[in-house]
Amino acid sequence: MKHIISLLMENEAGALSRVAGLFSARAYNIESLTVAPTEDATLSRMTIVTSGSEEVIEQIIKQLNKLIDVVKVLDLNDGRFIERELMLVKVKATGTLREEMKRMCDIFRGRIIDVADSSYTIELTGAGSKLDAFLEALDKTVILETVRTGASGIGRGDRILKV
Amino acid sequence: MEDRTTQITGAEILIRCLQEENVKFVFGYPGGAVLNIYDAIFSQTHFKHVLVRHEQAAVHAADAYSRATGEVGVALVTSGPGATNAVTGIATAYMDSIPLVVISGQVPTPAIGMDAFQEVDMVGVTRPCVKHNFLIKDINDVAMTIKKAFYIASTGRPGPVVVDIPKDITAQFAKFSYPKTVEMRSYNPILKGHTGQIKKAVNLILNAKRPMLYTGGGVVLGDAADQLVKLTRKLGYPITNTLMGLGGYPGTDPQHLGMLGMHGTYEANMAMQDCDVLIAIGARFDDRVIGNTEHFFRKDRTIIHVDVDPSSISKRVKVDIPIVGHVQSVLAEMNELLEADTKKPDTAALTAWWKQIEAWREKKCLTYDLSTDIIKPQFVVEKLWEVTGGDAFVTSDVGQHQMWAAQYYKFDKPRRWINSGGLGTMGVGLPYAMGVQLAHPEAQVACITGEASIQMCIQELSTCKQFHLPVKVITLNNRYMGMVRQWQEFFYGNRYSESYMDALPDFVKLAEAYGHVGMRIEKPSDVEPALKEAFSPKLKERLVFMDFLTDQKENVFPMVPNGKGLSEMILSEEL
């Protein structure tokens, strides 16, 4: 099952490689991994999307907690949470496609952020599954390029990950 | 110009930190990137520097020093090849959770990343085999980093910590002040076990019909042997130790069923498999201990697991009552609860269980043929045990001789059995013996090894000469990499691919060339007299290299073949 794990770690050189190294050394899956500093400059927040049996996920959480630089770990799937990912898609926009791409973009509540003679760049935000759905809805031949940030997640309401 | 009257160099700061940590020995080897540090060592007297002949041996010796004393071991190596040579030693310590601080030199800060001479990314190279590592980037961080390194290495589940120091930092000046305490928001090892869980466990233990205690290296490393003995004797339950846990409970005690696992005793493995309450303490259910996890699983068995490392719990085997905490503290709490409890173990059930265990014991699974003219390796270990009064510190290398040492030398005290259990590093035996002998100069130290393993760090005979280390090297020489040969015999149709040790040196002459005493022993009747001579007062100050020519065909039994279950042992009589 897919899990989204959030963690806070010391914002130090090499901290990211410790997490990435742990996943490769123990053969855990990483679907996506994002990391950036928080409002507290000494801390980085990382979101990891992974998958595995309950036993594997339990081990992942324990092994992450064991890393000396890791301050706190939260499996977002343990409660209610929001997942968001940003995607930029460059699509063909010539002839009738110009109108069709605009319409698809609107349906998925995306925004066209760059317009060129023969292409649009669309910005789309949402859960990973929504971004997948958008790509599936498009004819493969119109997609020129895609880039995704990987998921970020946050607990709903009172679920707060803080030091 | 800055005021330098109150400032000292980074190298001197490092030395002062080691003094503050009460370090008595530093095992090392100099080189370009650590010349400033060695210059500071030249004019200090607080610790002794032990010059090894290869950096791998420096880390092994520091590791053994720690295993034999409980203190943090310290090694010092230069950048590049010095650092990479140390990696096998670091990985060995990591797998067995041994607290070490390994200091490596690094090229000067501006040269990092420039492919400089003798540059290697030590932090990157060691990341998967350390508890933590640091690259110091500012001279003002030296003291705090060393403080943290010792703290991290020695607390929680112990392990090696690497501190990489660029050469320019060791030449810069700063004020020295050693932090009294260290606080890390990201590292707070759990010490005390959850009282509710401990109560539950005690209740379950008292209600057991077929109980079994299974204890590992955690008991030895956590200095919990006294508490374990108290608990086990009070309960009257059978107990087994893992390879790493030997000495945690007296090996000569009747409640002790011997070691368990791939080469464990029949009675220990059968009791593990058939018990109804398994009490695992400071052990981690690894593949060489319980074999196949599916075969190991029993619906009607409840497992209690005490460990300081939460990630060791329910990793290979799902447990019913996890207790995260320092083994010593948890056992002490269990003992208090048992003391106060009015309930006593079920005597009738226990009598029946012991009757079953005695029936398994009757197999006498460690019996070997004594009727031949060839020296049996097991016989050498048994005689060593007799001659040393069972009170020696025994180090070993890796292979058949290691298993025979574990099976036949009955360790009654913790920290007496020093071997590479997790990583299985051939070559550790001699440097391990050095570390132990330095820690305990008056003790009898025996290194049980094979003719293959000993050659992997044999250059350390020179270190032993320089530092007057009167280690007794017991080489069980069967002219084969014995464990490889055994697997090739059992599982590869007797195709002994590259496992024969050809062109062996004359070990007696080799020992003599290094300035030691050499002995070759070829007959069973000479074993005991030779050992007595080696351990006699006459040779007390000398390293004695004993080359025992042993049976080439001897195999280690019992054996649980790889991937099989614990009760699927091969006993020698079956072949």
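The values are calculated or read from the model by the stated rules, or taken from the named source; none is laboratory data. Because the structure is predicted, anything quoted here is derived from the model rather than measured. Ideal geometry is used to build each Cβ from the backbone, glycine not excepted, and the neighbour counts take in all protein chains shown. Quick note on the areas: whole protein, heavy atoms, side chains included, nothing else; ligands and nucleic acids left out. Shrake-Rupley method; radii C 1.70, N 1.55, O 1.52, S 1.80 Å.
Pairs exceeding 26 Å between alpha-carbon atoms, taken from B:K137/B:K175; A:K2/B:K315; A:K2/B:K192; B:K131/B:K315; B:K48/B:K410; B:K199/B:K364: A:K2/B:K192; B:K48/B:K410; B:K199/B:K364. Between B and A, roughly 1600 Å² of accessible area is buried in total, ligands, DNA and RNA not counted and the probe set to 1.4 Å. Equivalent ellipsoid of the stretch B:285-334: semi-axes from √(5λ) of the C-alpha gyration tensor, largest first, are 22, 12, 9 Å.
Placing one equal scatterer on every Cα of the stretch B:433-536 and applying the Debye formula, the log10 ratio I(q)/I(0) at q = 0.12, 0.18 Å⁻¹ is -0.49, -0.96.
For the peptide B:120-130, the mean number of other protein chain Cβ atoms found within 10 angstrom of a residue's Cβ is 2. For the protein assembly as shown, the percent of C-alpha pairs falling in each 10 Å distance bin, counted from 0 to the bin holding the largest distance, reads 3, 13, 20, 22, 19, 12, 7, 3, 1, 0, 0. Highest mean first, the peptides B:296-307, B:414-425 sorted by other C-beta atoms within 10 Å per residue fall in the order B:414-425, B:296-307. Rg and Dmax of the stretch B:272-386, based on Cα coordinates, read 18.9, 58 Å.
P(r) tail, the stretch B:164-307: Cα-Cα pairs separated by more than 27 Å, 34% of all pairs. In terms of Cα atoms, the Rg and Dmax of the stretch B:377-556 work out to 15.2, 48 Å.
A dipole drawn for chain B from +1 and -1 charges on Cβ atoms has a positive end, and of B:P179, B:I303, B:T240 the residue lying farthest that way is B:I303. Between B:E541 and B:V508, the simple spin-label model (points 7 angstrom out along Cα→Cβ) gives 2.5 nm. A Förster radius of 22 Å, combined with the Cβ-Cβ distance separating B:S572 from B:K413, puts the computed FRET efficiency at roughly 0.15. Taking the centroid of alpha carbons for each part, the stretch B:126-169 and the stretch B:33-73 are 16 Å apart. All Cα-Cα distances of the stretch B:498-544, cut into 10 Å bins from zero to the largest, leave 24, 42, 28, 6, 0 percent in each bin in turn. What whole number of Å gives the distance from the Cα centroid of the stretch A:86-155 to the Cα centroid of the stretch B:446-488? Measuring centre to centre over Cα atoms gives 67 Å. Remark: the protein assembly as shown carries a charge dipole of roughly 1220 debye about the Cα centre, counting +1 on each Lys and Arg Cβ and -1 on each Asp and Glu Cβ. The aspartates and glutamates within cross-link reach of A:K62, meaning a Cα-to-Cα straight distance under 12 Å and a gap of 8 or more places when in the same chain, are A:D75, B:D309. For the listed residue pairs A:K72/B:K230; B:K363/B:K564; B:K24/B:K509; B:K299/B:K413, the alpha carbons are over 26 angstrom apart in A:K72/B:K230; B:K24/B:K509; B:K299/B:K413. Computed over the stretch B:240-318, the convex hull of the alpha-carbon atoms projects to a mean area of 5.0 nm². Per residue of peptide B:180-189, the mean number of Cβ atoms on other chains within 10 Å of the residue Cβ is 3. Computed from backbone phi with θ = phi - 60° and the Karplus coefficients 6.51, -1.76 and 1.60, the 3J(HN,Hα) list for the stretch B:109-114 is 3, x, 8, 4, x, 9 Hz; x is used for glycine and proline. Packing here is the average count of other Cβ atoms within 10 Å per residue, and on that basis the peptides B:97-105, A:103-111, B:51-59, B:338-346, highest first, run B:97-105, B:51-59, A:103-111, B:338-346. Taking a straight Cα-Cα cut-off under 18 Å and skipping sequence neighbours fewer than 8 places away in the same chain, the lysines within cross-link reach of B:K180 are B:K147, B:K148. Separation of the stretch B:305-348 from the stretch B:504-575 is 39 Å, based on Cα centroids. The alpha carbon gyration tensor of the stretch A:36-136 gives principal lengths a ≥ b ≥ c with a/c of 1.5 or higher and a/b greater than b/c, which makes the shape prolate.
Hey, can you list the residues from the stretch A:1-48 whose accessible area shrinks by 50 Å² or more with all protein chains present, relative to the chain by itself (probe 1.4 Å, no ligands or nucleic acids)? Flagged in the stretch A:1-48: A:R18.
A 1.4 Å probe run over the protein chains yields, for the protein assembly as shown, 42 Å² of accessible area per residue, whole-number rounding. Scaled to the globular estimate 2.2 N^0.38 Å, the Cα spread of the stretch B:8-174, given as radius of gyration, is 0.91.
Sorted from longest to shortest, the spans of the Cα atoms of chain B along the three principal axes equal 84, 61, 45 Å.
Rg/Rh for the stretch B:369-432 (Cα atoms only, Rh after Kirkwood) is 0.99.
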